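Here is the structure we will look at, set down as structure tokens.
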Amino acid sequence: MLHVVSYWMDFLAEIEGVFDKFSGRQLAEFYTKKIDEFLIGLFNSIASKKPLCLIAIGGYGRAELAPFSDIDIMFFAKDKTDPEKVEAILYKLWDSGLEIGHSYRTPEDCVSEARKDIRTHTALLEARFIAGDKGLYNYFHEKVYAELAFRKQKNFITSKLREMEKRHLDFGDSVYLLEPNVKEGRGGLRDIHTVLWLSRIAFKLGGIEQLSSLISGHDFKRLMRAYDFLLKVRFCLHILSRRRNDVLSFDTHAYISERIGFHDSKKFSSSERFMRYFYLKADSVSEVRAQISGLCARQWIVEGVRDFGAVKRRATNNFIVYRNVVIPSGSISSMKNPERIIEAFHASSKTGKKLSHNLREEIRKNLLRIGKKARSSSKAAGFFTGILRGIRVYETLKDMNETGVLGRFIPEFGALRSLVVYEPYHRYTVDEHTLLAIKNLELLTATKYRSLMHLSDIMKNIKEREMLFLALLFHDIGKAAGKRHEEEGYKRLKNIVERFNIDVEKRQRIEFLVRNHILMSKLALTRETEDPEIIAQFAEAAGDEESLRALYLMTYADMSAVNPSFWTEWKAYLLQELYEKTLNYLRGVRRNKDVYIKGILDSYNGSGREGLKGFIADMPERYLLSTPPERIYHDYSLAKSVREDDFALAVNDKHDGTTEVIIGTWDSPGLFSRVVGFLSSKWMNILSARLYTGKNGLVIDKIQISNWKELWWDGMDLFIKNGLKEAVSKDAHIALSGERKEIGGKVDVFIELDNETSEESTILEFFSSDRHGLLYDVSALLHEKELNIIAAKINTESGIAQDIFYIQHAGGKVNGLKAAELLASLWKTLKD
């Protein structure tokens, strides 16, 4: 055992010694040879009574092992009457500590098990002789392999294509994930394996070198370079992790990029450059896989099916639909005309049909013909905007991106191809994120999700949706500059709209959407939208209802494409709230305030209508704008209780599963700090806090809590009420129990003081790792600095706190030395 461990450590050291000299395939062959030598020695050290051979199968059979790959072997014999040698070898393997998958099969076993299980069938196709009776192995190859490879090919091909589709869905269904699986993901090693298996069965090819007979020389070279690269990346992952690990997680990027030889540039880090190179290689694999799977599907699955698509029908002047794909109506050589290339994709979007394989290949050959002249062509621009009016917008733009046409026609977008920008929550490359945003927007019109029906209705009635798609396509083009992308993107957009010769009104709308594409999400998630100034500023920025609707839709599309779980009901609620308030403002509701208040009073069925009138007049204007009438009635009832007992509490369950705690009391210095301190001391997670202070000092604080139901126990409501009543006392002392542990990972601290947005208050915004008691620490610091909290917006997600406070000092904004002191103290609080 000690000898084997020592041998293994020496072997890993040998890999390190040759790593920089060898390609990925050479490393895999080197490792495989070492395993071969070990198993040959072990096999030959034990005598056999009957013919037996040892066969490598699966990845080991392909000679494609990484340091912690599965090592699968098969003992092969014509019968199992002599199991002693197999058992002896297995005992030694178990003693060695190696994880080896094994089987003991006869010819009948091989065929029977392969027919039952597609994975066993596939693994046996990779069979390679290691040791033992060579004649027995020849018998396996002549009889068993022939049975598996040359019978029932259609069943195998159909199963493999279905398995591939399911695997792609299970692993993100995109080449352009920021944390891809090198082996199983789209464009990964498993796609290369699938190409080999399909070509072996469908076209009776041998090794990977014979693929050159099916694909172009250029594509074959790209595939082989990608194969080498992916194997070397997988070796890096295994060496770094010291275990089987095929996921390029964020924490591996820096090590692997340095190990393979990538360096920082002026714009991008070595990690970003490495990942961009990875996507280019994975994309090469994906293109070849699509070619081979398409050939197999046409030859083995489509053949024999009655052809209902054999009727030709015109799509555009130069393209027709035939056999369910788009083809040229004339010579394929017409693709040398760059305008004709854009027209081909217009035909695809218009009809909902894909381009034929031959047409796609011809377009690839003529990519370089798309130059300055084509980009400025009004005819080409017309075809492109026609694509955005079609029934296949996302799929067509995706095809254009994959073939390289989109990047050639709009080079500003081409700069985003496979671009990695590390941002919180983002899962995709910039170009993939953009295309997914367009997909999500396009799907709105047919959605069946109740939570999206509100947005769906807006999308169905939006005017000139092609302008919205254009804005979405260009919204992140500034990221290619590695700077503040909103401003940089706006500059680049100017050149595009001029080339497309878009009229002034439409141009202004596109420019507005691109320049402000994060404005709505920023206001909804990080600003106090109950502040009339915020609503007014946002309404002024939108200008009209149509621009507001377009920005709302664009914000949804952008956020929903960050990652599959980034769009939540809570965010949807905040955005809809902002949209509706701003829409009402634009329609003049705010200008009819007296009429609005009269309507509230006339609808009130309780006693004390004059008291309600006085309550509304006492509360700040933003309270009236942000609170529906039915909630005003409840708050008025709470206010009456405060006048009797100096304190009142209401607890309401929200539709999104959170709980709203409404506290009524009289204002006093440090009140908010004591309230959140008490709630934090009871391990309550605060999502949002909205503070309203009346002219006579009445306070109504509305605090959203995410885990109230999880913590709830019989009697908790009364316990919290008594605790909060004590906490609002000026003399209350708050002590947090437990360790101040970070809830999420480390993030860079960001702090900003904004004295321009609000006329009366300073807006304090910070971004940091969340931890237990963080909100209390910050609010206590503000109280200590004699700063009054006018309003607060709390947003905590995935362990990251992004909190906003509207604060005042001595009734005005925080300026000068006071601002500098606050920044220094807050920085220390957040960093500790």
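Any of Lys21/Lys183; Lys654/Lys695; Lys312/Lys350; Lys166/Lys354; Lys695/Lys725; Lys702/Lys725 with alpha carbons more than 19 Å apart? Name them for me.
Table pairs above 19 Å Cα-Cα are Lys21/Lys183; Lys654/Lys695; Lys166/Lys354; Lys695/Lys725.
Given the C-alpha atoms of the stretch 139-288, compute the convex hull and give its volume per residue in Å³.
129 Å³
Quick one: in the stretch 329-405, what % of C-alpha pairs are over 16 Å apart?
Counting every Cα pair in the stretch 329-405, those more than 16 Å apart make up 43 percent.
Using Cα centres only, tell me the gap between the stretch 37-96 and the stretch 519-585 in whole Å.
So the separation of the two Cα centres works out to 64 Å.
Accessible area per residue, 1.4 Å probe, Å², for the stretch 46-154: what's the number?
46 Å²
Which value, in Å² rounded to 10, gives the accessible area of Asp72 with a 1.4 Å probe and all protein chains present?
Answer for Asp72: close to 50 Å² accessible.
Relative contact order for the stretch 183-255 using alpha-carbon pairs under 8 Å, separation at least 6, rounded to a whole percent?
Relative CO of the stretch 183-255 lands at 24 percent.
Quick one: compute the contact order of the chain, relative version, from alpha carbon pairs under 8 angstrom and 6+ residues apart, as a percent.
Reported relative contact order: 6 percent.
Heavy atoms only, probe 1.4 angstrom, no DNA, RNA or ligands counted: give me Tyr277, Tyr633 ranked by accessible area, highest first.
These residues rank, largest area first, as Tyr277, Tyr633.
Among all the lysines, which ones have a C-alpha under 23 Å from Lys49's C-alpha, if same-chain residues fewer than 8 places away are not counted?
Counting by Cα, and skipping residues close in sequence, Lys49 has these lysines nearby: Lys78, Lys80, Lys85, Lys92, Lys134.
In whole Å, what are the extents of the stretch 774-832 along the principal axes defined by its C-alpha atoms, from largest to smallest?
35, 23, 16
For the stretch 427-583, just the Cα set please: Rg and Dmax, both in angstrom.
14.9, 42
Could you provide, to the nearest whole Å², the per residue accessible area of the stretch 177-222 with probe 1.4 Å?
Solvent-accessible surface per residue comes out at 33 Å².
Karplus couplings for the stretch 457-474 from phi (6.51 cos²θ - 1.76 cosθ + 1.60, θ = phi - 60°), rounded to Hz, Gly and Pro as x?
Karplus values, whole Hz, x for Gly and Pro: 4, 5, 4, 5, 9, 5, 8, 6, 5, 4, 5, 5, 5, 4, 4, 5, 4, 9.
Just to verify a number: what accessible area does Thr81 come out at with the full protein assembly present, 1.4 Å probe, Å² rounded to tens?
Solvent-accessible area, nearest 10 Å²: 90 Å².
Working from the pairwise distances between different alpha carbons, so that the mean of 1/r is found and then inverted, what is the stretch 617-733's Kirkwood radius in Å?
The Cα-based Kirkwood calculation yields 14.6 Å.
So how do 38-51, 101-114 stack up, highest first, on mean other-Cβ count within 10 Å?
101-114, 38-51
How far, in nm, would the chain grow between Tyr604 and Arg242 when pulled straight, counting 0.36 nm per residue and subtracting the alpha carbon separation?
123.4 nm
If you average the alpha carbon positions of the stretch 692-732 and of the stretch 620-646, how far apart do those two centres end up, in angstrom?
16 Å
Would you work out the relative contact order for the stretch 223-282, in percent, from Cα pairs under 8 angstrom that are 6 or more residues apart?
Result for the stretch 223-282 is 33 percent.
Just the accessible area for Lys154, please: 1.4 Å probe, Å², rounded to the nearest 10?
100 Å²
The values are calculated or read from the model by the stated rules, or taken from the named source; none is laboratory data. Just so it is clear, the structure is predicted and the values come from calculations on it, not from any experiment. So basically every Cβ, Gly included, is an ideal-geometry build from the backbone, and we count neighbours across all protein chains shown. Quick note on the areas: whole protein, heavy atoms, side chains included, nothing else; ligands and nucleic acids left out. Shrake-Rupley method; radii C 1.70, N 1.55, O 1.52, S 1.80 Å.
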